[in-house]
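FYI, it's all coordinate maths here, none of it is from the lab. Nothing here was measured: the structure is a model prediction, and the numbers come from that model. Note that each Cβ is placed from the backbone with ideal geometry, even for glycine, and that neighbours are counted across all protein chains shown.
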Amino acid sequence: MSSLRNAVQRRPYKERAQPKAREQLGLLEKHKDYTLRARDYNAKQRRVKALRDKAANRNPEEFYFGMVRARTKEGVHQLAPEGSKPIAPRAMRALKAQDAAYLAVRGAAESKKIARLRAALHRFDDAGEPDGGGGSGELDGTGAGASGTHTIFVDGPAAAAAFDAAEHFGTAPELAARRFNRLRTEDLAAKAVSVPREVRALADAGDVRAVDRWVSGVRKRQRASYAELEQRVGREARIRADAERIELQRQLMGKGAKKKLRGAGAAAAAAAASGAGAGEARVGAPSGVPRRVFKWKPERKR
Amino acid sequence: MKGGKKVIIEPHRFAGIFIARGNDAALITKNMVPGEAVYGEKRITVEENEVKVEYRVWNPFRSKLAAAVLGGVDNIWIKPGAKVLYLGAASGTSVSHVADIVGDEGTVYAVEFSHRPGRDLINMAKKRTNVIPIIEDARHPLKYRMLIGMVDVIFADVAQPDQARIVGLNAHLFLKNEGHCVISIKANCIDSTAAPEAVFAKEVKKLKDEHFKPLEQITLEPYERDHAVVIAQYRAAKKAK
Ligand SMILES: C[S@@+](CC[C@H](N)C(=O)[O-])C[C@H]1O[C@@H](n2cnc3c(N)ncnc32)[C@H](O)[C@@H]1O
């Protein structure tokens, strides 16, 4: 039967809309909107009534210390200042752990960025000119240029005495010291440098000034990259140092009998001892310069 | 690739190697398989004579050969068209750049005995047809002699104490006379107690015993610590007096 009923065309349902004349009032309220509104209104009424009752039934003898401690400042009630309550050592330890974890995350992110920058900043001799790239870093990649020793084996002392770098490498004398790319003399002429098309166009037009400006722009961007790398290397070191310091504080707050060792010599000894499993030495200073060193009594664990 | 429009590409002393300057200052090789990186390295696309060319950054902090190139060796002997035997290929990160350098005309035979990095090596070789991966111990070159013809250069980075002997064994079978070997030496791997310079000198001596004539040696600071690359010639012709 019902399928029959479905076969007959029925009038489509049309929802009533807000009349044109009352458009300024917004959408027409429907019953489901009304229920929501009414429920909200009643809840508020109940809350107001509850507060009214509480006030009416108040005990006039009631006393809390907060009532005498509370202050107003220029007529505004002051909440108790934060941190007025001392943090329990256990909670403090937990907070320190959070701090250490946060620093570890930041440090890891920094290392990743450093690795990415370093992968494409290869520290040629003239990197980051004109100051040679700055930084003294030997293996940290912030120093400039290859610094390894290059030995050329020649036949006998006579050949060694007559050795001439430019001649040996077959390059121009001024390029003999340019380790990363000593172009051969014959290649110097055919210097097929690939440059962006618009710059080539400038060069073809003979606009030397514009080309120079473009080249110095490239150098500037390169310098900026090196500067960023250096900055990040420094920041990573600071983050790691802070993490270590906080970790030491956290350990000191923990359990276990400990005693302070003094001096860098003692620190080294303690480190060695911990390696041998005698006790634990936890070194509390960054970059291998032990400042404060503590030794924990070995504790038997069941 | 972003920034590609603002890059200068300079030629390098060695054919097949270039230098990019832009935001970066990087050693690069021309990517044989444009659009794909091998180990997540940065790529740089430029337009050369209306055609797009892609380069890959060759990180000297990861590849000893790249570190030697930037250190300024006289010759790496690996050049377009060369046949190279690469011992200790690992996952093929450096091998992929060597493949870029030798190009379609050249061949790289990449030997690695460990299976796990060998898998990556094989995957890399699927895309680079000039790489022939060989998963064998380089100490037993007879096992793979059928796969390899004579080569121009042997590159060795096996990080084993008997590396010189391994190179000798392979050279006797595969290296043509007056061919070259390029050897990366990690002082720690050979003798962790001796001074690095002494270790390098000893390795050079061992190479001499294997009929190599040392040409040059370079230590890889600032890219690696206590590493050296030695380049030598095999059965060099006696100098005409
Ligand atoms: C230092 S890694 C090479 C890294 C690679 N050349 C690079 O720059 O990316 C040394 C590799 O040599 C491999 N190896 C060590 N002894 C070997 C042997 N006897 N035969 C073949 N491969 C060996 C090791 O498995 C390791 O993957």
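Helix-only estimate, please: 222 nm mean residue ellipticity of chain B, summing -39500 (n - 2.57) across DSSP H runs of length 4 or more and dividing by its residues, to the nearest 500. Walk me through the intermediate numbers first.
Values: 6 runs with 61 residues, N = 241.
The helix contribution divided over chain B gives -7500 deg cm²/dmol.
Using amide H atoms built 1.01 Å from N in the peptide plane, name the residues 5+ places from B:Val151, or on other chains, whose amide H lies under 5 Å from its own.
It is B:Leu175, B:Lys176, by chain and number.
In terms of modelled amide H atoms, which long-range or inter-chain residues lie less than 5 Å from the amide H of B:Ile132?
Answer set, sorted by chain and number: B:Val108, B:Tyr109, B:Ala110.
Let me make sure I get this right: for the protein assembly as shown, a, b and c are the square roots of the gyration tensor eigenvalues over alpha carbons, sorted descending. Under 1.5 in a/c it's rounded, otherwise prolate if a/b > b/c, else oblate. Which is it?
Values: a/c = 2.33, a/b = 1.63, b/c = 1.43.
Because a/c hits 1.5 or more and a/b exceeds b/c, the protein assembly as shown counts as prolate.
Once a ≥ b ≥ c are taken as the square roots of the eigenvalues of the Cα gyration tensor of chain B, is the result rounded (a/c under 1.5), prolate (a/b larger than b/c) or oblate (a/b not larger than b/c)?
On the way: a/c = 1.67, a/b = 1.47, b/c = 1.14.
Since a/c reaches 1.5 and a/b is larger than b/c, the shape of chain B is classed as prolate.
Which distance in Å, rounded to a whole number, links the C-alpha centroids of region B:124-193 and region A:9-42?
Value for the Cα centre distance between the two parts: 84 Å.
Would you order A:Met92, B:Met124, B:Met146 from fewest to most other beta-carbon atoms within 10 Å of each residue's own beta-carbon?
On the way: A:Met92 14, B:Met124 23, B:Met146 6.
Going from least to most buried by this count: B:Met146, A:Met92, B:Met124.
How do A:Arg178, B:Arg56, A:Arg219 rank when sorted from fewest to most other Cβ atoms within 10 Å of their own Cβ? Intermediate results must be reported in sequence, preceding the final value.
Details: A:Arg178 18, B:Arg56 25, A:Arg219 15.
Lowest count first: A:Arg219, A:Arg178, B:Arg56.
State which entries of A:Lys220/B:Lys30; B:Lys205/B:Lys238; A:Lys220/B:Lys64; A:Lys258/A:Lys301; B:Lys64/B:Lys186 exceed 21 angstrom in Cα-Cα distance in the structure shown. If you can, show how the numbers build up before the last one.
Numbers: A:Lys220/B:Lys30 25 Å; B:Lys205/B:Lys238 18 Å; A:Lys220/B:Lys64 29 Å; A:Lys258/A:Lys301 16 Å; B:Lys64/B:Lys186 10 Å.
Distance filter (> 21 Å) returns A:Lys220/B:Lys30; A:Lys220/B:Lys64.
How about region A:24-116: which chymotrypsin sites (Phe, Trp or Tyr not before Pro) there are in a DSSP loop, with at most 14 other Cβ atoms within 10 Å of their Cβ? Could the numbers behind the result be given before it?
On the way: sites: A:Tyr34, A:Tyr41, A:Phe63, A:Tyr64, A:Phe65, A:Tyr102; in loops: A:Phe63, A:Tyr64.
Answer in residue order: A:Phe63, A:Tyr64.
With Rg and the Kirkwood Rh both taken from Cα atoms, where does Rg over Rh land for region B:54-171?
On the way: Rg = 13.3 Å, Rh = 14.3 Å.
Dividing the radius of gyration by the Kirkwood radius yields 0.93.
As a footprinting exposure proxy, order B:Val69, B:Val199 by other Cβ within 10 Å, with the fewest listed first.
Values: B:Val69 28, B:Val199 22.
Sorted ascending by nearby Cβ count, the order is B:Val199, B:Val69.
Can you give the mean number of other chain Cβ atoms that lie within 10 Å of the Cβ atoms in peptide B:59-71?
Numbers: counts 6, 7, 8, 1, 0, 0, 0, 1, 3, 3, 5, 10, 8.
Partner-chain Cβ atoms within 10 Å, mean over residues of B:59-71: 4.
Relative contact order for chain B using alpha-carbon pairs under 8 Å, separation at least 6, rounded to a whole percent? Display every interim value, and only then the final one.
Working: 496 pairs, mean separation 36.4, N = 241.
This gives 15 percent for chain B.
Give the long-range amide H neighbours of B:Leu215: residues separated by 5 or more places, or on another chain, with amide H under 5 Å away, using H modelled in the peptide plane at 1.01 Å from N.
Here the answer is B:Ile231, B:Ala232, B:Gln233, since their amide H atoms fall under 5 Å of that of B:Leu215.
If each residue of separation counts as 0.36 nm, what is the full-extension length gain between A:Leu188 and A:Val105 once their alpha-carbon separation is subtracted?
Numbers: separation 83, 0.36 × 83 = 29.88 nm, distance 4.88 nm.
The span from A:Leu188 to A:Val105 would gain 25.0 nm if fully extended.
Answer rounded, prolate or oblate for region A:157-230, using the Cα gyration tensor with square roots of eigenvalues a ≥ b ≥ c: rounded when a/c is under 1.5, else prolate when a/b is larger than b/c, else oblate.
Numbers: a/c = 3.78, a/b = 1.70, b/c = 2.22.
Oblate shape, in that a/c is at least 1.5 and b/c is the bigger or equal ratio.
What relative contact order, as a whole-number percentage, does region B:123-224 give when Cα pairs under 8 Å and 6 or more residues apart are counted?
Values: 83 pairs, mean separation 23.7, N = 102.
With pairs under 8 Å counted, the relative contact order is 23 percent.
Please compute the modelled spin-label separation between B:Asp137 and B:His172, points set 7 Å along Cα→Cβ, answer in nm with one decimal.
About 1.7 nm separates the two model spin labels.
Using θ = phi - 60° and the Karplus curve 6.51 cos²θ - 1.76 cosθ + 1.60, what whole-Hz ³J(HN,Hα) does each residue of region B:181-188 get, with Gly and Pro shown as x?
My calculation for region B:181-188 gives 10, 10, 10, 9, 10, 9, 3, 4 Hz in order.
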